[in-house]
Ligand SMILES: NC(=O)c1ccc[n+]([C@@H]2O[C@H](COP(=O)([O-])OP(=O)(O)OC[C@H]3O[C@@H](n4cnc5c(N)ncnc54)[C@H](OP(=O)(O)O)[C@@H]3O)[C@@H](O)[C@H]2O)c1
C-alpha cells in the first residue's frame, strides 16, 4: 500500500487523549514512520511516550520543532493550531489538524477519506479533520445520499465525556467515585454533574440558543458533503459514557428508500458496519465500538408518519472520530502522491 519512502512525523498533543491513540494507530496500521517527534506543552516536556517498544522523549511544540518533518498531526488546542500549523506548511510539511480552527477556512480541505478523498488534492499545507460527531454523522449519511439523495436530517447526539479530552474523562471518574462514597462534587468542565446524568449542552451556548458543537455539526456536514443548503437540525447531548458517540438520525431522502436497501447501502460503504436485528435485540452501543475504527449502524426503520428513515450510529470518538481519520488522511496523502 505504501511507497518505499518513509515519513517523518510530528505529533503535537502526543500526551493527550487523541494523541495517545494516534501514536498507537501509527504502530497498528504499520504507518511508515522514519522519525517520530512527540510534542506537547512545557508541562509534559521531558516525559516519554511509548512507540514501537521505545520510550520517546516529548519535546515542546515550537516552530523550529517542525524542521524536516513531512507530516505533523495537531491534537492539542485550537489556538496552538492557529499559531503553529502555518509554520509546518512554511517549512514544506503538511499539517493534519484535529481542532476546530481551520475546518471552515475556504482554502483548507475538510476530509473524511471514505466520503471526500479527492479534497486532499486541494491542500496548501494544512488539512482539517472534522469534529468527532460530524465524522460519525457523515459516515452514515453518505451511503444513504448515494442510494437515494439527501434532503434533510434531524440529528440528536449522545456524546461521550472523552470528547472533551483527558479532563472530561477525569471529571466523570471523580464524580462517580464521589457518588459511590455518598459525597457531592461540583462540576468543573461540564455545565452540570455528568455522573448519573445527561447534559443537553456540549461546549458552550451561542447567543441564538444553539451550542457551538451543534453549529459545527451543521456547517462541517455541508462542507464535507458539498451540500451547502442541506437542512440539518441538531441537538448535542453529553452522556456519562467514557468513549463512543451515539447519534439518532431522522433522514429525509430525495427518493423513498426501503430500510432493507438502506441497510445494504450502509453495509457496502467502507468503514461502516450494520448491526441491526430487532428480533434478537441486536444493535450497536458505545461499548461495542470502543477501540474499533468502524462506524456501527443499526435501528434502521421507516418513520411511522412519513417516508423518512430513522437510524442509529455509534463511533469511537477517539479513533474514527479523531485519530483514525487523521492517520487515514496521511495514508491518503501517500496514496495520492503528496508525500514521497
Ligand atoms: N477527544 C476527542 O474525542 C476529540 C475528537 C476530535 C477532535 N478532538 C480535538 O483534538 C484535540 C486534542 O483533544 P484531546 O481530547 O486529545 O485533548 P486533551 O486530552 O486535553 O490533550 C491535549 C493535548 O494538547 C497538549 N497541549 C495543550 N496545550 C498545549 C500548548 N500550549 N502547547 C503544546 N501542547 C499543548 C497537551 O499537552 P500537555 O500534556 O503538555 O498538557 C495534550 O497533549 C482538540 O483540538 C480537540 O478539539 C478531540
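No value in this document is a laboratory result; all are computed from the given coordinates. Keep in mind the model is a prediction, meaning the values are calculated, not measured. So basically every Cβ, Gly included, is an ideal-geometry build from the backbone, and we count neighbours across all protein chains shown.
Brief remarks follow.
- In this rough spin-label picture, where each label sits 7 Å from Cα along the Cβ direction, the residue 83-residue 206 distance is 2.7 nm.
- Theoretical ellipticity at 222 nm over the chain - DSSP helices of four or more residues, -39500 (n - 2.57) apiece, nearest 500: -9000 deg cm²/dmol
- Taking a ≥ b ≥ c as the square roots of the eigenvalues of the Cα gyration tensor, the range 257-340 is prolate, since a/c reaches 1.5 or more and a/b is larger than b/c.
- For the range 129-214, diffusion coefficient by Stokes-Einstein and Kirkwood Rh (Cα), 20 °C, 1.002 mPa s, µm²/s: 142 µm²/s
- Between residue 5 and residue 267, the distance separating the two model label sites (each 7 Å from Cα on the Cα→Cβ line) works out to 4.0 nm.
- Convex hull volume of the Cα atoms of the chain, normalised per residue: 156 Å³.
- Prolate/oblate/rounded label for the range 109-178 (Cα gyration tensor, a/c 1.5): oblate
- Calculated FRET efficiency, residue 307 to residue 105, Cβ-Cβ distance, R0 = 51 Å: about 0.85 to the nearest 0.05.
- Counting Cα-Cα pairs of the range 134-317 in 5 Å increments starting at 0 gives whole-percent bin shares of 1, 8, 16, 19, 18, 15, 10, 6, 3, 2, 0.
- Along its principal axes, the range 15-149 has C-alpha extents of 53, 31, 25 angstrom, given from the largest down.
- Gained length - residue 335 relative to residue 183, 0.36 nm times residue gap less alpha-carbon distance: 49.3 nm
- Relative contact order of the chain: 19 percent, from C-alpha pairs under 8 Å at least 6 residues apart in sequence.
- Principal-axis tilt of helix 78-90 within the chain, Cα atoms, nearest 10 degrees: 60 degrees
- Global geometry of the range 29-72, whether rounded, prolate or oblate, following the gyration tensor of its Cα atoms and the 1.5 cut on a/c: oblate
- 0 to 90° range, to nearest 10: angle between helix 165-180 axis and the chain longest Cα axis: 60 degrees
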